[in-house]
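Worksheet for the structure shown next.
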Amino acid sequence: MSAIDSDEELVQTVARGDAEALETLFERHHRGLYRFFRRAVRPADAAEDLVQEVFLRVWKYARAFSPDGSFRGWLYRIARNAASDRLRDSSRFAPSASAEPLETSDESQPVAGDLAAALSRLSAADREILVLARLQGLSAAELAAALECSTGAARVRVHRALARLRALYLETTEGNRHAMRRVE
């Protein structure tokens, strides 16, 4: 196995029982999965457990991966399912507006603070879509695989989530401007 094996080739090797290939996939993707779970799930320490759960499922279900598919899309579908299963098992892991905030450039800047406030008011489903599309960098095809929908539907979901975020951001900034006028 060489360092240039694609993820799709590696998961096929995992399907044949190669633990080294799984380790390579883990090294490539565990940080991104961890960031995804930290942004979408509470408590924060659940993120580490969920990353491990995802790779156990990759090991178990590698034979189900379609060689024509996107590995990242398949991986994030497993991640979403693992989070949903954990949520069903315990309300402590419910995605919510109180999940770790999405990073912004500098919380001391008004724009960043307003954006963080708008993000915190966004629904868990919309936040998840934006995390996958914008922060995790999934392509439309990968996002469609993760969401189990068509590429067009994935694009529409991102567009709608961005529109809702934009509306919440405008509400937040208008509310902050109004509060600032009352203070002056």
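The values are calculated or read from the model by the stated rules, or taken from the named source; none is laboratory data. On a predicted model such as this, the values are computed, not experimentally measured, just so you know. Here the Cβ is made from the backbone with ideal geometry for all residues, glycine too, and neighbour counts use every protein chain on show. SASA here: full protein model, heavy atoms, side chains in, ligands and nucleic acids out. Shrake-Rupley method; radii C 1.70, N 1.55, O 1.52, S 1.80 Å.
Yes/no per residue for (1) assigned to a helix (DSSP H, G or I); (2) open to solvent by less than 60 Å² (accessible area, probe 1.4 Å); (3) at pLDDT 80 or above; (4) of a type outside the set (Gly, Ala, Ser):
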position	(1), (2), (3), (4)
Arg92	yes, no, no, yes
Leu119	yes, yes, yes, yes
Arg127	yes, yes, yes, yes
Leu143	yes, yes, yes, yes
Cys149	no, yes, yes, yes
Ala153	yes, yes, yes, no
Leu165	yes, yes, yes, yes
Thr172	yes, yes, yes, yes
Ala179	yes, yes, no, no
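Tally up the residues in segment 60-79 that are part of a helix (DSSP H, G or I) and surrounded by 15 or more Cβ atoms within 10 Å (Cβ to Cβ), please.
Total satisfying the criteria: 10.
Is there any pair linking a residue in segment 12-39 that is among the acidic types (Asp, Glu) and surrounded by fewer than 18 Cβ atoms within 10 Å (Cβ to Cβ) to one that is assigned to a loop (DSSP other than H, G, I, E, B) and at pLDDT below 95, with Cβ under 7 Å and at least six apart or on different chains, and which?
Pairs that qualify, where the first residue is among the acidic types (Asp, Glu) and surrounded by fewer than 18 Cβ atoms within 10 Å (Cβ to Cβ) and the partner is assigned to a loop (DSSP other than H, G, I, E, B) and at pLDDT below 95, are Glu20/Met1.
Regarding segment 130-139, can at least one residue be identified that is buried (at least 19 other Cβ atoms within 10 Å of the Cβ), among the hydrophobic types (A, V, I, L, M, F, W, C), modelled with pLDDT of 90 or more and in a loop (DSSP other than H, G, I, E, B)?
yes
Looking at segment 42-51, is at least one residue basic (Lys, Arg), in contact (Cβ under 8 Å) with a residue 40 or more places away in the chain and open to solvent by 70 Å² or more (accessible area, probe 1.4 Å)?
Looking through segment 42-51, at least one residue is basic (Lys, Arg), in contact (Cβ under 8 Å) with a residue 40 or more places away in the chain and open to solvent by 70 Å² or more (accessible area, probe 1.4 Å).
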